[in-house]
Each structure stands twice: as structure tokens, then as C-alpha cells.
Amino acid sequence: MSQDLPTIDDVDEDELVGQLSEDVPKIAADSKCRGKRTEKRDGDSVFVGYCGARAGKATDQGVSDGRRCNHHGGGNSGDKGQGATEGNDNAVDHGGYRKHFTRHLTDGEQEAFDEARRALGDPKDAKQVAQTAASLCLIQYDRTGDERFMRRYESICDKAGIFPNEEIDVNHSGSIDLWKDSAQEGDE
């Protein structure tokens, strides 16, 4: 893979600084790591230069030309520490931090997602979604005993108003008959 990448001699690093990271080319490691260094600016990942650490620095494989440092994927199992190939989602746990995280859902998950999203727009249907989510938390609590599921269950119920208020307003007109129970009759 690194044979297909441009080298540091093929790019003008100073000209690339400040551009969005996705617009900056990945270059091959040589005696230096050359991984892209970025920082967040106004929510965007901006290129600030190529990594100048020794190739292979702080990896189990040790320093060797053509390998990225440990911060840029040099410790992975790739032949030259170049990181995963484009589109490889093997390490994705849930995809929640992606811009387009729904593209990784299965067809069934996508249908359920679309239905839940539609339902959340209607207060009556939203309550059903909340009841389903609360039920799942209760089942998880029962299965694991993990208190976090019970707290989440209670939180969903509170926010969705699934249970009636604990305080009851009593409006009564008329009289109330007071009586003594049998235990108090002998106390006279």
C-alpha cells in the first residue's frame, strides 16, 4: 500500500497546512512516520503538518523505516503499520461518532431506525418508543443486575411521563366518616 502513496518529496507541506484533513493526501512513511497531524478548529479537522517522529517509534515492532509511529497506526498488524484500508470498518463498535453512522446499519436496523425516527415526531407514538426503550432497560437490568439500566429505565419513564405522578390531587365534597378500628376501641 505505501508504494502507491506519494512521498514527502511529492507534496508541499507548508501549502497544505490549514486545509481540511480530508483534502490533504496521505503520504508514505520513510525514516519518519509522516502520518497526518490534525487539530480541531470550529468543529473541523484541520491539517497542521506531517508527523516527524522516527518511523516505528513506540511500537512493539520497534523503529524501522517505512512504519508509522504508535500514534498513527504503526502498532497495528499491517505489514508496514499503514493502518486499515479505506472503508475497513472492522474496529467499529457502534459507529456513533461518524458523520453518516446510519450507513452501517443492516436493512432491518435501518427500517427500525426510520420507524423510530418517524414515531418520535408524533407524541403518542413517541410514548410507545419510550415504553419500548424503558422495557429493554428493565430486561437488561433483570439480566445483568447493573444499576445503570435501572437508572436509565427510571429516567426514560420520568421524561416520557410513562407513570402517573406520585402525588395525587384529591378534590372531595361531602363529609368523611371517621371511625375507630377494633384495636383502638379498648383504649378508652
> Looking at (1) among the hydrophobic types (A, V, I, L, M, F, W, C); (2) surrounded by 12 or more Cβ atoms within 10 Å (Cβ to Cβ); (3) at pLDDT below 75, can you tell me which one Leu120 breaks?
Replying inline: (3)
> Among all residue pairs at least 6 apart or on different chains, which show Cβ distances below 6 Å where the first residue, located in segment 21-37, is at positive phi and the second is charged (D, E, K, R) and surrounded by fewer than 18 Cβ atoms within 10 Å (Cβ to Cβ)?
Replying inline: none
> Quick check: is even one residue across segment 144-156 in a helix (DSSP H, G or I) and touching a Lys or Arg at 6+ places or on another chain (Cβ under 7 Å)?
Replying inline: no
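The values are calculated or read from the model by the stated rules, or taken from the named source; none is laboratory data. As the structure is a computational prediction, the values presented were derived from the model and not from experiment. Note that we place each Cβ from the backbone using ideal geometry, even for glycine, and neighbour counts take in every protein chain shown.
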